[in-house]
Amino acid sequence: MSEVAAAEVTAVSGARDRTLDGLRALAMLSVFLFHGTLTAPALVDFAPRVIAHLDTGVQVFFVLSGFLIYRQFVAAHLQRAPLPSLRRYSVRRAARIYPGYWLALGVLVALGSVTLGGHPVRHILLIQTYYSDTLADAGLAVAWTLTIELSFYVLVPLWSLVIRRVRARPFAAELGGVAFLFVVGLAARLWSGWGTPPTWVLVLPTALCSLSSGMLLAVLVSETRDNPGLARRLATLARPAHWWWLAAGAVFALQCALPYGILMGVTPLQLMRDNLLRVPVAFLLVVPGVFGDGGVIRKVLRSRPLVFLGVVSYGMYLWHTSIIQEFDGDTAIPNNLQFVVAFFATLAVATASWYLLEGPILRWAHRRTR
């Protein structure tokens, strides 16, 4: 592969990961804005249709997870190398998802902000949404997405074993596998809109469109290592990042224009259609962060404030809904400032969580499994 193609497509891993941290930050900001609208009436009055779709940031998280989690497995397959160590993978994934979650869950339960109903073990293990009788339990408001993440962690090594048994060139097998998962995700979304599927279908299967989109990016990045022609084409396509983001903006504008209940009163079919449109928005936003290098957009994404927000975004995601609710209705703070105060309070708690718990445990897990 030429040095130019290698630099532009697979770039320096650290630079690309900083760009993805910036994307994480933007996804977190959009989710925070979506949940924080109840304490900022002026924001809702100003752009209700835009606010109603800002939870698209969750799909950005899923696309990023699909890329980041699958890339080591697909790289091993395309290079005909052994699968990554399952022990190392499991320890590192558990260290990433559980400690911060358990801290937030324990503190919020102790403060009375969160209740676990009659099945606390299910909430502790992050399997609560697989059971219809715990769907109504309060728990941590955002934990349903963590159950999807955890399910994806389990799926990836199993899927890698299956895809290696396909009698085809590894690259073709991987592309076919990603397409299959996307179709499964599409079918699950359609079923959820037009029928009453089993509870388990509403967990991982309905998220497979976004997750498989990220997996596709992992397949393409891994293939560029030994395919200079593909590397050059992808570098050329991804270099003008603004065109990708303009395309994402166009799909997002279509979402806002279509009939949709504003923050409430959404029909199942509206929700199904809207969720399907969120997938291309998230995919188009992430592509420039994975391929190519340079440009104003990538420079902004790699800026220190956004990278820092991306690093602590998991803690912000865990804590933000409870903190927003805590400041909602606080008569000592004007309505439209409650949102701002809640944001900085969430940032402070998430920063403490990262430096005192999440970061040290992740470093320990990497040392133990090096």
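For the chain, modelled as a GNM whose springs connect Cα atoms under 10 angstrom apart, the maximal fluctuation among GLY100, GLY117, GLY22 occurs at GLY117.
Over the residues of the range 215-333, compute the C-alpha Rg and express it relative to 2.2 N^0.38 Å. Can you show the working numbers first?
Numbers: Rg = 18.8 Å, N = 119, 2.2 N^0.38 = 13.5 Å.
The range 215-333 yields a ratio of 1.39.
Qualifying trypsin sites (Lys or Arg not before Pro) in the range 134-196, where qualification requires a DSSP coil assignment and no more than 10 other C-beta atoms within 10 Å, comprise ARG165, ARG167.
Label positions at GLN325 and LEU161, each projected 7 Å from the Cα along the C-beta direction, are separated by 4.0 nm. Given R0 = 22 Å, the distance between the Cβ atoms of TRP144 and VAL121 translates into a calculated FRET efficiency of 0.85.
Once both labels are positioned 7 Å from their Cα atoms along Cα-to-Cβ, the gap between CYS256 and VAL184 label points is 3.6 nm. Along the axis of the charge dipole computed for the chain (Cβ charges of +1 for Lys and Arg, -1 for Asp and Glu, origin at the Cα centre), the listed residues SER222, LEU357, TRP200 are led at the positive end by SER222.
Shape summary: the range 271-349 maps onto an equivalent ellipsoid whose semi-axes, from the alpha-carbon gyration tensor, are 30, 19, 11 Å in decreasing order.
In nm², what is the average projected area of the convex hull enclosing the Cα atoms of the chain?
18.9 nm²
Starting from a Cα-only point model with no solvent, please compute log10 I(q)/I(0) by Debye for the range 79-186 at q = 0.09, 0.14, 0.15 1/Å. Cα-only, vacuum Debye calculation for the range 79-186: -0.35, -0.71, -0.77. Considering only C-alpha atoms, what is the centroid distance from the range 172-249 to the range 264-307, in Å? Cα centroid of the range 172-249 versus Cα centroid of the range 264-307: 13 Å apart. For the chain, with the dipole built from +1 on Lys and Arg beta-carbon atoms and -1 on Asp and Glu ones, taken about the Cα centre, which of PHE182, LEU269, PRO48 lies farthest toward the positive end? Value: PHE182.
A short reminder: the numbers here are calculations on the coordinates, not readings from a lab. Since the model is a prediction, treat every value here as computed from it, not as a measurement. Using ideal geometry, Cβ is built from the backbone for each residue, glycine included, and neighbour counts are taken over all protein chains shown.
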